[in-house]
Every structure is written in structure tokens, then in C-alpha cells.
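Asks: Next up is a structure, given as C-alpha cells.
Nothing in this text is a laboratory measurement; each read-out follows from the coordinates by a stated rule. What you are looking at is a predicted structure, and each value in this text was computed from that prediction instead of being measured. Cβ sites come from the backbone with ideal geometry, for glycine too, and all protein chains shown count toward neighbours.
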């Protein structure tokens, strides 16, 4: 059985990106009855953040270089491991270093 840990981290990042942008995620499919509950959106973000941090811990334990998938600002947020307003406000504006144009 082959398992690509970097793909796992990438998928967790994409899920968190979609969650922060208030887009539909697999979490919505799991709990469709919660869509009307106002606290659902915070819980959904918390679950996606926890999933992302878990994927990163797994990648760290294998020695995989997952850091290239994130921008410098995102790496700082991940290092702090606290989901707060700053992360929610700044996350989607951050681009991975490989996506930033060099002039």
C-alpha cells in the first residue's frame, strides 16, 4: 500500500482554504442539518484546522518537506498552532512562495 503524505497535506490545505473562503467542503456533506446553526461555521473551521495540523504532524514524522506548500505567512500561522481571527483574515491572501512572481 502506497501513501503520499504530501498529497495528504495538500488535500488538508485545500480543505482549509475552502473552509476559510466559506465554500462547500466535505464537512458540509457530513453534517447537512448543521448548515442553519450559526456556530457551525466556526466548528467547521476548527475541524479543518485540526485536520491540517494533523496532516502536518504526520508529514513531519516521515521527514517530508511539506513547507513548500505554504507561504511564509501561513508557515508562521501553522507554527503558532492557534486558529484565531488573524488566521481567518489573512490565510487566503497568502500564496505559497513558489506562486509568488519574482520581478
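Asks: Tell me, what is the FRET efficiency for residue 40 and residue 92 to the nearest 0.05, using R0 = 25 angstrom and their Cβ-Cβ distance as r?
Replies: 0.80
Asks: For residue 85 and residue 62 in one chain, what is 0.36 nm times their gap in residues minus the Cα-Cα distance, to one decimal in nm?
Replies: 5.2 nm
Asks: Please compute the length gained on full extension between residue 30 and residue 7, using 0.36 nm multiplied by the number of residues separating them and subtracting their Cα-Cα distance. Can you show the working numbers first?
Replies: Numbers: separation 23, 0.36 × 23 = 8.28 nm, distance 2.20 nm.
That pair, residue 30 and residue 7, stretches by 6.1 nm at full extension.
Asks: Let me ask another. Take the alpha carbon gyration tensor of the chain, find the square roots of its eigenvalues, order them as a ≥ b ≥ c, and report rounded if a/c is under 1.5; if not, report prolate when a/b exceeds b/c, else oblate.
Replies: oblate
Asks: Pull out the extension gain between residue 53 and residue 14, defined as 0.36 nm times the separation in residues minus the alpha carbon to alpha carbon distance; nm, one decimal. Please report the intermediate quantities before stating the final value.
Replies: Working: separation 39, 0.36 × 39 = 14.04 nm, distance 1.28 nm.
Full-extension gain reported as 12.8 nm.
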